[in-house]
Amino acid sequence: MRGTTMAETTHSHDHSGRLPIDGAWIVLAALLAAVAIFDFAALWPTVRFTGGALLSTAPFIAFAVLAIGYLKATGAETLVARAFEGRETRMIVLAALMGGLAPFCSCEVIPFIAALLALGAPLSAVMAFWLASPLMDPAMFAITAGTLGLGFAAAKTAAAVGLGLLGGFGTMAFAATPLFRDPLRKKPAPACGSSCCGTEKQFSAKPVWRFWDDPERRATFRAASVENAVFLLKWLTLAYAVEAAMIRYIPADWIAGVLGGTGLGPIFLGALVGAPAYLNGYAAVPLVDALLDQGMSNGAAMSFMLAGGVSCIPAAIAVWALVKPRIFAAYLGYAFVGSVFAGIIWQAIA
């Protein structure tokens with residue numbers, strides 16, 4: 001959570017010389033300790049399930065890591081600036097496409113977005129980008145396709161772009177109303193706890209696709225690949241361990257009763273529960289896989305992932321840091337409505 005580097009990269013650095021203590025590893029250790037204490041016989045099956053799931057996902061993790069390293073080293077993120085040129089309708093479409101496919105987290109472009117808004121870029125295009133950005137990127141597509149199938153990954157990508165278009169054109173239609181007038185905070189404070197926050201990017205430069213000829217870009221490739229490999233390993237290990245626990249301890253009948261079925265209720269609940277319960281787009285993939293196995297409906301799974309992705313901590317704080325509360329409320333409103341509609345459509349297709 002876009003992820004999200006990846007859409008939702010939330011790792012941080014400690015420059016004090018001490019090894020940072022990461023919350024995800026602490027939660028994983030606590031989970032395994034709880035299983036060992038209360039159900040020791042389940043400890044080895046949990047570890048075995050987690051290891052097996054990681055091995056089965058390894059090719060997709062490798063692709064994701066190499067892809068994100070390449071995109072970082074080449075400077076492909078600079079292409080996002082082109083989405084904010086020309087007519088407003090063109091900007092909205094390109095911003096939604098860029099947001100749904102771009103390989104960086106939402107807070108990474110805070111200085112860029114702040115400058116665009118200050119210089120008069122339409123809020124509609126920025127809204128389209130912000131809504132689509134946390135939901136999908138090349139790395140997340142690979143992980144989602146490997147776990148939930150190519151169809152789900154493609155549908156989520158289309159939904160991410162569609163949600164961006166909904167927010168962009170909706171904002172354009174009501175741009176003259178008091179809701180969307182004067183959107184910026186007086187003093188934006190882009191602090192989100194992510195390693196990408198505060199980094200200054202030069203979005204005017206052109207990508208260099210043959211990055212291996214440049215020592216600095218090669219170093220960027222190595223650093224980005226290692227950092228994101230650790231990031232994915234951390235979150236997916238935790239997520240697969242939680243998946244093993246869910247399958248063992250949460251009754252499938254209960255999941256099927258609450259989030260199963262074909263009606264609107266499970267889809268609505270999926271979006272409602274997803275918004276506050278979801279912290280990371282990569283970790284959510286195996287969790288949704290477990291919920292689907294236990295009876296969660298396809299539509300609820302889609303609405304859960306979309307609503308949760310937009311409202312995850314890095315993405316939400318990136319928006320909150322720059323705009324006034326009423327704009328932030330509109331951002332969440334678009335996310336919820338778009339997630340429910342996407343869930344309904346995916347339920348009908350799947």
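Quick note: the coordinates plus some simple rules give every number you see, no bench work behind them. Note that the coordinates shown come from a computational prediction; the quantities given were computed from them, not determined experimentally. Note that each Cβ is placed from the backbone with ideal geometry, even for glycine, and that neighbours are counted across all protein chains shown.
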Checklist entry - If you rank 218, 87 by fewest surrounding Cβ atoms within 10 Å, what's the result? => result 87, 218
Item to check | Residue-by-residue Karplus 3J(HN,Hα) for segment 38-46, coefficients 6.51, -1.76, 1.60, Hz, glycine and proline x | outcome: 9, 7, 4, 5, 8, 5, 5, x, 5
Next on the checklist: Quick check: pseudo-label points 7 Å beyond the Cα along Cα→Cβ at residue 254 and residue 272, how many nm apart are they?
Outcome noted: 1.8 nm
Item to check | Ranked 324, 72, 156, 206, criterion: other C-beta atoms within 10 Å, fewest first | outcome: 206, 324, 72, 156
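Neighbour counts of other C-beta atoms within 10 Å: give me 143, 267, 250 arranged from fewest to most.
Details: 143 25, 267 29, 250 13.
Fewest-to-most ranking of 143, 267, 250: 250, 143, 267.
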Item to check | Separation of alpha-carbon centers, segment 282-314 and segment 119-137, rounded to whole Å | outcome: 22 Å
Checklist entry - Using modelled backbone amide H atoms (1.01 Å from N, in-plane), which distant-in-sequence or interchain residues come within less than 5 Å of residue 323's amide H? => result 185
Checklist entry - residue 154 versus residue 38, label points 7 Å from Cα toward the beta carbon: distance in nm? => result 4.2 nm
